[in-house]
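The values are calculated or read from the model by the stated rules, or taken from the named source; none is laboratory data. For clarity, every value in this text was computed on a predicted model and none was experimentally measured. Because the Cβ atoms are built from the backbone with ideal geometry, glycine has one as well, and the counts that use them run over all protein chains shown. What goes into the accessible areas is simple: the full protein's heavy atoms, side chains included, and nothing from ligands, DNA or RNA. Shrake-Rupley method; radii C 1.70, N 1.55, O 1.52, S 1.80 Å.
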Amino acid sequence: MKFSVAIASAIEALFANLLRSFLTMLGIIIGVASVMTMMAMGEGAKARIDEQISALGASTLTLRPGSMRRGGRSMGAGAATPFTEADLDALAALPYAGAVSGQLNSSVTAVSGQTNWSTSLTGTDDAYFEIHDWHPVEGRIFTPREVRTGAAVAVIGKSIVENLFDGTDPLGQRIRVNNVPVSVIGVLEEKGQSSFGSDRDDVIIIPLTTARNRIIGAHRTTPKNVSRIEVMVADGYDLKEAQNELVEYMRDRRHIKAGGDDDFMVFNIADFVRARSATQATMGVLLAFMAAVALFVGGVGVMNIMLVSVTERTREIGLRMALGARGSDIMVQFLAEALVLCGTGGLIGVTLGFAGSWIAAKTGGWEMAISPQITLISLGAAVVVGLFFGYFPARRAARLNPIDALRYE
Amino acid sequence: MGQAPIIEARQVTKVYTMGDQKVHALRGIDLEIAPGEFTAIMGPSGSGKSTLMNLIGALDQPTSGDMRIEGHSLSTMRPDDLADLRNRTLGFVFQQFNLLPRANALQNVKLPLRYARHEHIDADARARECLELVGLGERMDHRPAQLSGGQQQRVAIARALAGKPHIILADEPTGALDTKTSADIMELLVSLNASGITIILVTHEPEVAEFAQRQIHFRDGLIESDERRAS
Ligand SMILES: Nc1ncnc2c1ncn2[C@@H]1O[C@H](COP(=O)(O)OP(=O)(O)OP(=O)(O)O)[C@@H](O)[C@H]1O
Ligand SMILES: [Mg+2]
């Protein structure tokens, strides 16, 4: 019997008992839809992480005082000697440092007119904008001179415009940051949420010196302190090598003896995000495993119904054998039915999977990442399940003795 | 006669074992049927008629002895060859018709042609031809439930004919039909026999058996009598 004929009659059989066929397929549908959604989510999350890595600056090294003790317990950052502006100048002179930026951060209350807003303040220099590839959409960023002189100017994120100025033009307006007035000279392009879920546009950025001298205050023992340094590694230098050299250089500058623990940390953003994505990958594996289990359960359901069908149709099988069907013909017939059931379930599942991935993408805030491969793998999984779980019932049917089957009541 | 028998049974026995009980359904049958013969098998219930038919039909194997169809010993054939033999040489007509309820007459008749792997015939045309032959040219798209018993049996006969069999095996084909319809079916079988097909028929009704040239009586798994009618 030709396979196409077997498929055609299997489709007929499927329509002959539509409700039962659908219920049988349900497990496969759910399984395939979840396999597909899981894979799409995994891909989408990966794409988003890659995007974040490049957005954060794949070639940026971040330095913070404090130490990572053995066993991962970190000492408070404040306990170690902070960096200083002298460190910034020294680092800027290194050949592999393309740009160097120092920062001080604080939570502040910003007031404009009658409106209050709790936000975060970053005191930094002009290099910050270069390193973060963050540019004003209106106005300008501050100049090196304004950084040096401690000018009372501010560059603000989109969320500040919305929350403090109700969307009206903020350029030239005054904001009182912890009661210190600064005037807005620029609005930055929108960045959206960080991978930690915080709003990256909810920030006021002012010159480092202004922040230290007038708002945050200098460190008790270390004037001209900065709490964080970012170094953009120049083109042509390897990030990892630069990181190692930077650690050695800073150990030297901070007079740490050989064998002593670092009292500062150097990390690159990519490592950081990847560590997070590793946990997400574990989650993904877990979800994929659950999807596989769903598919397996669906397959068992198909096998169960196929076995029932073989029993119900024993006489029909006997008749077909009497008319000249070989065991292999019967086998092909039932395999075709399992295949059609699972294939149809697979198609419906893929359709649902598209919907599921779309919803997941919407809520997760990333691009829908359904590739033809994912679709093919999902459909392929359904077909494999069909063949695998259809085989046993089909073999049982094929091995029936013609006369016993024909006489079966 | 001189012609080689198309069916040949040599000391054929069939023993059914049910638990520790043995049923001797056939106790040593010797039988030769010539090509083109129309044979009726009669005998009391349980005498082994259907058992013999199943053996001739290559649906079952004898416990001992040799059963040959067109010279081929069934016990030496592989399952696939037996299937092909049933498909090409044999046609079955059952008491309960055994039509697929969801398929229409035409589809039912085409069913054996699906399994025909040697010749390349136009299944549709052949099935129509067979339905015309049994007088159901107007009912091809009827389902079994939309046909009378006699018509269903005609569909079954058309199905048996589709593969151009040399032998038709009919186990009580009129058992579920009234007298008038039975006669019609028998006339159909007679005309098929006239076209050269060997027919073996099991029946309980003497008037049905009258249509055959040869009557074999069974009793307790043995042939009691074997009479040819001069024609
Ligand atoms: N599958 C089986 N298992 C056990 N015993 C069987 C089986 N088939 C038939 N028999 C027994 O074999 C004997 C012959 O049965 P068979 O069906 O050949 O009779 P029959 O002549 O066709 O009877 P009937 O006229 O009622 O159809 C009976 O005693 C029956 O009970
Ligand atoms: Mg019988």
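Tell me, what % of the accessible area of region A:254-409 is carbon and sulfur with a 1.4 angstrom probe? So the carbon and sulfur contribution to the accessible surface is 70 percent.
Which value in deg cm²/dmol, rounded to the nearest 500, describes the helix-derived mean residue ellipticity at 222 nm for chain A, given -39,500 (n - 2.57) per DSSP H run of n ≥ 4 and division by the residue count?
Values: 12 runs with 219 residues, N = 409.
Computed mean residue ellipticity for chain A: -18000 deg cm²/dmol.
Think of a 1.4 Å ball rolled over the protein heavy atoms: region B:159-218 then has 35 Å² of accessible area per residue. Considering all different alpha carbon pairs of region A:155-239, the Kirkwood hydrodynamic radius works out to 15.2 Å.
Entry note, region A:262-409: relative contact order of 43 percent, from Cα contacts under 8 Å with a spacing of 6+ residues.
Can you tell me which of A:94-102, A:159-167 comes out highest on packing, and rank the rest after it, using the mean Cβ neighbours within 10 Å? Spell out each step's value before the answer.
Details: A:94-102: 20.1, A:159-167: 18.2.
Going from most to least packed, we get A:94-102, A:159-167.
Quick check on packing: order B:81-91, A:118-128 by the mean number of other C-beta atoms within 10 Å, highest mean leading. All intermediate terms of the calculation are to be shown ahead of the outcome.
Values: B:81-91: 22.5, A:118-128: 20.5.
Ranked from most to least packed, the peptides come out as B:81-91, A:118-128.
Annotation for region B:38-62 versus region B:127-167: alpha-carbon center distance of 24 Å. Mean per-residue shielding of peptide B:86-95 is 3, counting Cβ atoms of other chains within 10 Å of each Cβ.
Shielding value for A:315-321 is 4, the average number of Cβ atoms from other chains within 10 Å of each residue's Cβ.
Solvent-accessible area of A:Phe22, all protein chains in place: 90 Å² (probe radius 1.4 Å, heavy atoms, ligands and nucleic acids excluded).
Interface between chains A and B: roughly 2100 Å² of accessible area buried, both sides summed (probe 1.4 Å, protein heavy atoms only).
With only the Cα atoms considered, region B:40-92 has a convex hull volume of 92 Å³ per residue.
Against chain B, whose longest principal axis comes from its Cα atoms, helix B:149-162 is set at around 80 degrees.
Volume per residue for region B:92-139 equals 89 cubic angstrom (convex hull of Cα atoms). Could you tell me how far the Cα centroid of region A:289-365 sits from the Cα centroid of region A:101-159, in Å? Here the two parts' Cα centres lie 61 Å apart.
For the protein assembly as shown, DSSP calls about 70 percent of its internal beta bridges antiparallel. Among the lysines of chain B, pairs at least eight places apart or on separate chains and with Cα atoms under 26 Å apart come to 6.
In the assembled protein chains, A:Trp358 presents an accessible area of approximately 140 Å² (probe radius 1.4 Å). Relative to one another, the C-alpha centroids of region A:216-233 and region A:18-48 are positioned 52 Å apart.
Would you mind giving the three semi-axes, in whole Å and largest first, of the ellipsoid equivalent to chain A according to its Cα gyration tensor?
Calculated on Cα positions only, the semi-axes equal 67, 24, 15 Å.
Using Cα pairs closer than 8 Å and at least 6 residues apart in sequence, work out the relative contact order for chain B, in percent.
Working: 460 pairs, mean separation 64.8, N = 231.
It rounds to 28 percent for chain B.
For region A:90-200, give the magnitude of the charge dipole about the Cα centre (Cβ charges: +1 Lys/Arg, -1 Asp/Glu; no others), in debye to the nearest 20. Computed charge dipole of region A:90-200: roughly 340 debye.
Working from Cα pairs under 8 Å separated by at least six residues, relative contact order for chain A is 29 percent. Average accessible surface for region A:270-323: 50 Å² per residue, computed with a 1.4 Å probe over protein heavy atoms with every protein chain in place.
Packing-wise, with mean Cβ within 10 Å as the measure, how do A:81-91, A:239-249 rank, highest first? Intermediate values should be presented prior to the final figure.
Numbers: A:81-91: 17.9, A:239-249: 16.0.
My ranking of the peptides, most packed first, is A:81-91, A:239-249.
Hey, got the average number of other protein chain Cβ atoms within 10 angstrom for residues in A:402-409? Display every interim value, and only then the final one.
Values: counts 9, 9, 2, 1, 7, 4, 0, 0.
That average works out to 4.
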